[in-house]
1. Out of 77, 94, 19, 90, I need the residue that is farther than 22 Å from residue 114 by Cα and part of a helix (DSSP H, G or I). Which one?
2. If residue 261 passes every condition in (1) over 22 Å from residue 155 (Cβ atoms); (2) touching a residue at least 12 places away in the same chain (Cβ under 8 Å); (3) surrounded by fewer than 20 Cβ atoms within 10 Å (Cβ to Cβ) but one, which one does it miss?
3. In segment 129-146, is there at least one residue being in contact with a helix residue (DSSP H, G or I) (Cβ under 6 Å, 6 or more places away or on another chain), in contact (Cβ under 8 Å) with a residue 12 or more places away in the chain, closer than 23 Å to residue 57 by Cα and crowded, with 18+ Cβ neighbours inside 10 Å?
4. Could you check, for segment 195-210, whether at least one of its residues is closer than 18 Å to residue 72 by Cβ, touching a helix residue (DSSP H, G or I) at 6+ places or on another chain (Cβ under 7 Å) and buried (at least 17 other Cβ atoms within 10 Å of the Cβ)?
5. Looking at 80, 91, can you tell me which residue is touching a helix residue (DSSP H, G or I) at 6+ places or on another chain (Cβ under 6 Å), crowded, with 21+ Cβ neighbours inside 10 Å, at pLDDT 90 or above and under 17 Å from residue 194 (Cβ atoms)?
6. Is it the case that some residue within segment 53-74 is crowded, with 19+ Cβ neighbours inside 10 Å and assigned to a loop (DSSP other than H, G, I, E, B)?
7. Do you know which residues across segment 118-127 are in contact (Cβ under 8 Å) with a residue 12 or more places away in the chain and either under 20 Å from the mean Cα position of the chain (by Cα) or more than 20 Å from residue 251 (Cα to Cα) (or both)?
8. Could you say whether any residue in segment 171-191 is crowded, with 19+ Cβ neighbours inside 10 Å and more than 27 Å from residue 119 (Cβ to Cβ)?
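The values are calculated or read from the model by the stated rules, or taken from the named source; none is laboratory data. Just so it is clear, the model here is predicted, and its values are computed rather than measured. FYI the Cβ positions are ideal-geometry reconstructions off the backbone, even for glycines, and counts take in every protein chain you see.
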(Lines give C-alpha, C1' and ligand atoms only; values in the text may rest on other atoms or scores of the structure.)
Protein backbone atom coordinates (compact mmCIF):
# COMPACT_ATOMS: atom_id res chain seq x y z
CA UNK A 1 0.00 0.00 0.00
CA UNK A 2 2.84 2.37 0.88
CA UNK A 3 4.50 1.71 -2.47
CA UNK A 4 1.27 2.40 -4.38
CA UNK A 5 0.77 5.69 -2.52
CA UNK A 6 4.35 6.72 -3.32
CA UNK A 7 3.78 5.94 -6.99
CA UNK A 8 0.49 7.80 -7.20
CA UNK A 9 1.55 10.89 -5.21
CA UNK A 10 5.05 11.77 -6.49
CA UNK A 11 5.88 14.54 -9.03
CA UNK A 12 5.92 11.95 -11.83
CA UNK A 13 2.36 10.98 -10.93
CA UNK A 14 1.06 14.55 -11.06
CA UNK A 15 2.71 15.12 -14.45
CA UNK A 16 1.25 11.83 -15.65
CA UNK A 17 -2.22 12.85 -14.47
CA UNK A 18 -1.96 16.11 -16.43
CA UNK A 19 -0.65 14.39 -19.57
CA UNK A 20 -3.35 11.72 -19.42
CA UNK A 21 -6.01 14.41 -18.97
CA UNK A 22 -4.81 16.52 -21.91
CA UNK A 23 -4.77 13.49 -24.21
CA UNK A 24 -8.16 12.20 -23.06
CA UNK A 25 -9.73 15.66 -23.32
CA UNK A 26 -8.63 16.19 -26.91
CA UNK A 27 -9.89 12.76 -27.99
CA UNK A 28 -13.11 13.22 -26.05
CA UNK A 29 -13.99 16.43 -27.87
CA UNK A 30 -12.81 15.17 -31.24
CA UNK A 31 -14.60 11.81 -31.24
CA UNK A 32 -17.44 12.21 -28.72
CA UNK A 33 -16.00 9.58 -26.37
CA UNK A 34 -15.51 9.81 -22.62
CA UNK A 35 -11.80 9.11 -22.77
CA UNK A 36 -11.87 6.04 -20.54
CA UNK A 37 -10.28 3.92 -23.26
CA UNK A 38 -7.25 6.22 -22.94
CA UNK A 39 -7.31 7.00 -19.21
CA UNK A 40 -7.65 3.45 -17.87
CA UNK A 41 -4.72 1.78 -19.71
CA UNK A 42 -2.44 4.78 -19.09
CA UNK A 43 -3.18 4.74 -15.35
CA UNK A 44 -2.45 1.01 -15.27
CA UNK A 45 0.77 1.22 -17.31
CA UNK A 46 2.23 4.52 -16.06
CA UNK A 47 1.12 4.52 -12.42
CA UNK A 48 0.49 0.83 -11.69
CA UNK A 49 -3.17 1.34 -10.79
CA UNK A 50 -5.16 -1.85 -10.49
CA UNK A 51 -7.90 -2.19 -13.13
CA UNK A 52 -10.81 -1.46 -10.77
CA UNK A 53 -9.26 1.70 -9.29
CA UNK A 54 -8.21 2.91 -12.74
CA UNK A 55 -11.77 2.43 -14.06
CA UNK A 56 -13.28 4.23 -11.05
CA UNK A 57 -10.86 7.15 -11.34
CA UNK A 58 -11.48 7.38 -15.09
CA UNK A 59 -15.27 7.44 -14.66
CA UNK A 60 -15.03 10.31 -12.17
CA UNK A 61 -12.74 12.30 -14.50
CA UNK A 62 -15.19 11.79 -17.37
CA UNK A 63 -17.95 13.83 -15.64
CA UNK A 64 -16.35 17.30 -16.10
CA UNK A 65 -14.74 16.30 -19.40
CA UNK A 66 -18.03 15.22 -21.01
CA UNK A 67 -19.81 18.28 -19.57
CA UNK A 68 -17.43 20.69 -21.30
CA UNK A 69 -17.75 18.65 -24.51
CA UNK A 70 -21.55 18.83 -24.39
CA UNK A 71 -21.46 22.62 -23.96
CA UNK A 72 -19.09 22.90 -26.94
CA UNK A 73 -21.32 20.77 -29.21
CA UNK A 74 -24.53 22.40 -27.91
CA UNK A 75 -23.25 25.81 -29.06
CA UNK A 76 -23.51 24.55 -32.65
CA UNK A 77 -26.86 22.79 -31.99
CA UNK A 78 -25.26 19.34 -32.18
CA UNK A 79 -26.88 17.60 -29.19
CA UNK A 80 -30.08 15.53 -29.34
CA UNK A 81 -31.04 16.04 -25.68
CA UNK A 82 -34.00 13.66 -25.36
CA UNK A 83 -32.21 10.93 -27.32
CA UNK A 84 -29.22 11.27 -24.96
CA UNK A 85 -31.40 10.85 -21.88
CA UNK A 86 -33.11 7.77 -23.37
CA UNK A 87 -29.70 6.25 -24.16
CA UNK A 88 -28.48 7.03 -20.64
CA UNK A 89 -31.53 5.39 -19.05
CA UNK A 90 -30.97 2.25 -21.13
CA UNK A 91 -27.24 2.27 -20.32
CA UNK A 92 -27.83 2.47 -16.55
CA UNK A 93 -30.10 -0.60 -16.71
CA UNK A 94 -27.71 -2.40 -19.06
CA UNK A 95 -24.71 -1.75 -16.80
CA UNK A 96 -26.50 -3.48 -13.93
CA UNK A 97 -27.22 -6.48 -16.17
CA UNK A 98 -23.61 -6.55 -17.39
CA UNK A 99 -22.14 -6.45 -13.89
CA UNK A 100 -24.38 -9.36 -12.83
CA UNK A 101 -23.41 -11.40 -15.90
CA UNK A 102 -19.67 -10.75 -15.53
CA UNK A 103 -18.87 -13.68 -13.20
CA UNK A 104 -20.73 -16.10 -15.51
CA UNK A 105 -19.11 -15.23 -18.84
CA UNK A 106 -15.53 -15.73 -20.04
CA UNK A 107 -13.73 -12.37 -20.20
CA UNK A 108 -11.51 -13.70 -22.98
CA UNK A 109 -14.52 -14.65 -25.13
CA UNK A 110 -16.11 -11.26 -24.43
CA UNK A 111 -13.01 -9.37 -25.47
CA UNK A 112 -12.69 -11.31 -28.73
CA UNK A 113 -16.39 -10.74 -29.36
CA UNK A 114 -15.92 -7.01 -28.85
CA UNK A 115 -12.93 -7.02 -31.24
CA UNK A 116 -15.17 -8.59 -33.91
CA UNK A 117 -17.84 -5.95 -33.20
CA UNK A 118 -15.24 -3.17 -33.60
CA UNK A 119 -14.14 -4.65 -36.93
CA UNK A 120 -17.77 -4.48 -38.14
CA UNK A 121 -17.90 -0.85 -36.98
CA UNK A 122 -14.63 -0.21 -38.82
CA UNK A 123 -15.99 -1.54 -42.12
CA UNK A 124 -19.23 0.44 -41.74
CA UNK A 125 -17.27 3.67 -41.21
CA UNK A 126 -15.94 3.31 -44.76
CA UNK A 127 -19.39 2.51 -46.19
CA UNK A 128 -21.66 5.05 -44.46
CA UNK A 129 -20.61 8.69 -44.65
CA UNK A 130 -22.86 10.86 -42.46
CA UNK A 131 -24.42 14.04 -43.80
CA UNK A 132 -23.90 17.22 -41.80
CA UNK A 133 -27.45 18.30 -42.72
CA UNK A 134 -29.05 15.11 -41.36
CA UNK A 135 -31.71 15.73 -38.70
CA UNK A 136 -32.53 13.19 -36.00
CA UNK A 137 -36.26 12.48 -35.74
CA UNK A 138 -37.55 10.95 -32.51
CA UNK A 139 -40.42 8.52 -33.07
CA UNK A 140 -41.79 5.60 -31.04
CA UNK A 141 -39.70 3.23 -33.19
CA UNK A 142 -36.48 5.23 -32.95
CA UNK A 143 -37.11 5.74 -29.20
CA UNK A 144 -37.37 1.96 -28.68
CA UNK A 145 -34.20 1.55 -30.75
CA UNK A 146 -32.38 4.07 -28.54
CA UNK A 147 -33.38 2.14 -25.40
CA UNK A 148 -32.01 -1.09 -26.91
CA UNK A 149 -28.75 0.56 -28.03
CA UNK A 150 -28.37 2.18 -24.59
CA UNK A 151 -28.94 -1.15 -22.83
CA UNK A 152 -26.47 -2.94 -25.11
CA UNK A 153 -23.90 -0.23 -24.44
CA UNK A 154 -24.47 -0.52 -20.69
CA UNK A 155 -24.17 -4.32 -20.75
CA UNK A 156 -20.85 -4.14 -22.64
CA UNK A 157 -19.60 -1.42 -20.28
CA UNK A 158 -20.59 -3.53 -17.29
CA UNK A 159 -18.93 -6.63 -18.68
CA UNK A 160 -15.60 -5.34 -20.00
CA UNK A 161 -15.35 -1.75 -18.78
CA UNK A 162 -15.39 -0.08 -22.21
CA UNK A 163 -17.12 3.31 -22.32
CA UNK A 164 -20.12 4.01 -24.49
CA UNK A 165 -18.78 6.49 -27.04
CA UNK A 166 -17.16 3.93 -29.31
CA UNK A 167 -20.56 2.17 -29.57
CA UNK A 168 -22.97 5.12 -29.41
CA UNK A 169 -21.29 7.36 -32.03
CA UNK A 170 -21.29 4.83 -34.92
CA UNK A 171 -24.75 3.52 -33.89
CA UNK A 172 -26.29 7.00 -34.07
CA UNK A 173 -24.72 7.64 -37.47
CA UNK A 174 -25.41 4.28 -39.09
CA UNK A 175 -28.67 3.12 -37.49
CA UNK A 176 -30.39 6.42 -36.79
CA UNK A 177 -28.90 8.50 -39.62
CA UNK A 178 -27.65 11.41 -37.51
CA UNK A 179 -24.81 13.68 -38.57
CA UNK A 180 -21.37 12.94 -37.15
CA UNK A 181 -21.47 16.08 -34.96
CA UNK A 182 -24.89 15.27 -33.47
CA UNK A 183 -23.70 11.70 -32.81
CA UNK A 184 -20.65 12.98 -30.91
CA UNK A 185 -22.49 15.66 -28.94
CA UNK A 186 -25.31 13.27 -28.00
CA UNK A 187 -22.81 10.57 -27.01
CA UNK A 188 -21.07 12.95 -24.58
CA UNK A 189 -24.41 14.07 -23.08
CA UNK A 190 -25.45 10.43 -22.59
CA UNK A 191 -22.27 9.75 -20.62
CA UNK A 192 -22.83 12.38 -17.92
CA UNK A 193 -25.69 10.77 -15.93
CA UNK A 194 -24.13 7.33 -16.46
CA UNK A 195 -20.73 8.53 -15.20
CA UNK A 196 -22.28 10.36 -12.22
CA UNK A 197 -24.21 7.22 -11.24
CA UNK A 198 -21.08 5.05 -11.52
CA UNK A 199 -18.95 7.59 -9.65
CA UNK A 200 -21.30 7.62 -6.63
CA UNK A 201 -20.98 3.84 -6.35
CA UNK A 202 -17.21 3.90 -6.84
CA UNK A 203 -16.70 6.59 -4.19
CA UNK A 204 -18.77 4.53 -1.77
CA UNK A 205 -16.52 1.53 -2.38
CA UNK A 206 -13.32 3.65 -2.40
CA UNK A 207 -12.42 2.72 -5.98
CA UNK A 208 -11.50 6.31 -6.93
CA UNK A 209 -8.21 8.19 -6.60
CA UNK A 210 -10.02 11.50 -6.09
CA UNK A 211 -6.94 13.72 -6.45
CA UNK A 212 -5.97 11.94 -9.67
CA UNK A 213 -9.53 12.14 -11.02
CA UNK A 214 -9.72 15.90 -10.33
CA UNK A 215 -6.34 16.62 -11.99
CA UNK A 216 -7.18 14.46 -15.01
CA UNK A 217 -10.69 15.95 -15.30
CA UNK A 218 -9.52 19.58 -15.04
CA UNK A 219 -6.65 18.97 -17.49
CA UNK A 220 -9.02 17.26 -19.93
CA UNK A 221 -11.45 20.19 -19.78
CA UNK A 222 -8.76 22.51 -21.18
CA UNK A 223 -8.58 20.40 -24.37
CA UNK A 224 -12.14 19.11 -24.85
CA UNK A 225 -13.47 22.32 -26.40
CA UNK A 226 -10.48 22.39 -28.79
CA UNK A 227 -11.22 18.81 -29.89
CA UNK A 228 -14.90 19.65 -30.45
CA UNK A 229 -13.94 22.75 -32.46
CA UNK A 230 -11.58 20.72 -34.66
CA UNK A 231 -14.42 18.22 -35.25
CA UNK A 232 -16.69 20.98 -36.58
CA UNK A 233 -13.97 22.13 -39.02
CA UNK A 234 -13.26 18.62 -40.26
CA UNK A 235 -14.91 17.11 -43.34
CA UNK A 236 -17.22 14.18 -42.35
CA UNK A 237 -15.17 11.76 -44.47
CA UNK A 238 -11.92 12.81 -42.75
CA UNK A 239 -13.72 12.59 -39.40
CA UNK A 240 -14.77 9.02 -40.16
CA UNK A 241 -11.23 8.07 -41.13
CA UNK A 242 -9.79 9.48 -37.90
CA UNK A 243 -12.47 7.74 -35.86
CA UNK A 244 -11.58 4.51 -37.71
CA UNK A 245 -7.96 4.88 -36.54
CA UNK A 246 -9.24 5.35 -32.98
CA UNK A 247 -11.40 2.21 -33.29
CA UNK A 248 -8.38 0.21 -34.54
CA UNK A 249 -6.36 1.36 -31.51
CA UNK A 250 -9.11 0.16 -29.14
CA UNK A 251 -9.48 -3.15 -31.03
CA UNK A 252 -5.72 -3.80 -30.78
CA UNK A 253 -5.77 -2.93 -27.07
CA UNK A 254 -8.69 -5.33 -26.47
CA UNK A 255 -7.06 -8.11 -28.55
CA UNK A 256 -3.84 -7.82 -26.52
CA UNK A 257 -5.86 -8.15 -23.28
CA UNK A 258 -7.64 -11.21 -24.71
CA UNK A 259 -4.33 -12.84 -25.71
CA UNK A 260 -2.75 -12.17 -22.30
CA UNK A 261 -5.76 -13.36 -20.28
CA UNK A 262 -5.75 -16.92 -18.98
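1. Values: 77 fails: part of a helix (DSSP H, G or I); 94 fails: farther than 22 Å from residue 114 by Cα; 90 fails: farther than 22 Å from residue 114 by Cα.
After applying the criteria, what remains is 19.
2. (1)
3. no
4. Initial filter on segment 195-210 (closer than 18 Å to residue 72 by Cβ): 195.
Those still in the list that are touching a helix residue (DSSP H, G or I) at 6+ places or on another chain (Cβ under 7 Å) too: 195.
Next cut, buried (at least 17 other Cβ atoms within 10 Å of the Cβ) only: 195.
Within segment 195-210, one or more residues are closer than 18 Å to residue 72 by Cβ, touching a helix residue (DSSP H, G or I) at 6+ places or on another chain (Cβ under 7 Å) and buried (at least 17 other Cβ atoms within 10 Å of the Cβ).
5. Numbers: 91 fails: at pLDDT 90 or above.
Result of the check over 80, 91: 80.
6. No: zero hits.
7. At the first step, the residues of segment 118-127 found to be in contact (Cβ under 8 Å) with a residue 12 or more places away in the chain are 118-119, 121-122, 124-126.
If the condition is that a residue be in contact (Cβ under 8 Å) with a residue 12 or more places away in the chain and either under 20 Å from the mean Cα position of the chain (by Cα) or more than 20 Å from residue 251 (Cα to Cα) (or both), then 118, 119, 121, 122, 124, 125 are the ones that fit.
8. Pass one, segment 171-191, residues crowded, with 19+ Cβ neighbours inside 10 Å: 171-173, 176, 178-191.
Those left that are additionally more than 27 Å from residue 119 (Cβ to Cβ): 189.
Looking for residues that are crowded, with 19+ Cβ neighbours inside 10 Å and more than 27 Å from residue 119 (Cβ to Cβ), one finds at least one in segment 171-191, hence yes.
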